[in-house]
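Trainee: Pasting a structure below so you can have a look.
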Amino acid sequence: MLIGEYNLTLDDRGRIIIPSKLRNDLEDSFVMTKGLDGCIFVYPKTEWEEISKKVRSLPLSSKEARAFQRSFYSKAVLTNLDKQGRVLIPQSLRDHSGLVKDGIIVGLDVRAEIWSLEKWQEMDEDLESSYEDNVMTLGGEML
């Protein structure tokens with residue numbers, strides 16, 4: 001299970017160190033792709049395969065489905081960690097997320113998200129101010 005919030009720093013080669021607490025759950029290989037709200041989605045390979053089945057099932061007759069598939073898959077990269085626990089973030093994903101130096105990786109159960117520090121701080125403020133309303137609207141009974 002991917003949980004927690006961890007600081008990260010992009011090195012001169014465009015790599016980050018994945019925190020040790022997340023490494024086992026990301027498995028030997030994992031997928032990074034363009035996420036929502038300006039982040040990078042990180043999926044363990046097994047979870048990616050499940051999502052990919054759903055994306056593949058979208059109708060080819062739908063212009064929106066084709067556009068989504070192109071964007072979703074073209075930005076995706078199957079990768080793994082080096083011996084020091086680092087991973088290279090492709091330039092296209094760094095551009096999408098605005099990640100230049102400092103960032104955050106957030107565990108969200110079956111996926112992680114990589115954020116630039118600035119975007120995460122803005123998002124986190126919004127999350128804090130809307131937390132109780134969201135709990136009551138979406139998941140009050142689950143807690």
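The values are calculated or read from the model by the stated rules, or taken from the named source; none is laboratory data. If you're wondering where the values come from, they're calculated on a predicted model, not measured in any experiment. With ideal geometry, Cβ positions are generated from the backbone for all residues, glycine too; neighbour counts draw on all protein chains shown.
Trainee: Out of all the residues in the range 120-140, is one or more in a helix (DSSP H, G or I), at pLDDT 95 or above and surrounded by 11 or more Cβ atoms within 10 Å (Cβ to Cβ)?
Mentor: yes
Trainee: Considering the range 38-63 alone, what residues qualify as being of a type in the set (D, E, K, R) and either modelled with pLDDT under 95 or surrounded by 14 or more Cβ atoms within 10 Å (Cβ to Cβ) (or both)?
Mentor: Answer for the range 38-63, where residues must be of a type in the set (D, E, K, R) and either modelled with pLDDT under 95 or surrounded by 14 or more Cβ atoms within 10 Å (Cβ to Cβ) (or both): LYS45, GLU47, ARG56.
Trainee: Can you tell me which residue among LEU88, LEU108, LEU81, LEU127 is of a type outside the set (Asp, Glu) and either touching a His at 6+ places or on another chain (Cβ under 7 Å) or without any contact (Cβ under 8 Å) to a residue 24 or more places away in the chain (or both)?
Mentor: Sole residue among the options that is of a type outside the set (Asp, Glu) and either touching a His at 6+ places or on another chain (Cβ under 7 Å) or without any contact (Cβ under 8 Å) to a residue 24 or more places away in the chain (or both): LEU127.
Trainee: Only one of these conditions is not met by ASP95: (1) at pLDDT 95 or above; (2) in a helix (DSSP H, G or I); (3) farther than 19 Å from TRP115 by Cβ. Which number is it?
Mentor: (3)
Trainee: Tell me which residues, restricted to the range 9-33, are touching a helix residue (DSSP H, G or I) at 6+ places or on another chain (Cβ under 9 Å) and either hydrophobic (A, V, I, L, M, F, W, C) or surrounded by fewer than 19 Cβ atoms within 10 Å (Cβ to Cβ) (or both).
Mentor: If the condition is that a residue be touching a helix residue (DSSP H, G or I) at 6+ places or on another chain (Cβ under 9 Å) and either hydrophobic (A, V, I, L, M, F, W, C) or surrounded by fewer than 19 Cβ atoms within 10 Å (Cβ to Cβ) (or both), then LEU10, GLY14, ILE18, LEU26, GLU27, ASP28, SER29, PHE30, VAL31, MET32 are the ones that fit.
Trainee: Taking the range 64-102 on its own, how many of its residues are among the charged types (D, E, K, R), within 16 Å of PHE30 (Cβ to Cβ) and in contact with a helix residue (DSSP H, G or I) (Cβ under 7 Å, 6 or more places away or on another chain)?
Mentor: 1
Trainee: Of the conditions (1) more than 14 Å from the chain's Cα centre (by Cα); (2) surrounded by 11 or more Cβ atoms within 10 Å (Cβ to Cβ); (3) among the small types (Gly, Ala, Ser); (4) at pLDDT 95 or above, SER116 clears all except one; give me its number.
Mentor: Answer for SER116: the failing condition is (1).
Trainee: Take the range 64-77 and flag every residue that is surrounded by 11 or more Cβ atoms within 10 Å (Cβ to Cβ), more than 13 Å from the chain's Cα centre (by Cα) and hydrophobic (A, V, I, L, M, F, W, C).
Mentor: ALA65, PHE68
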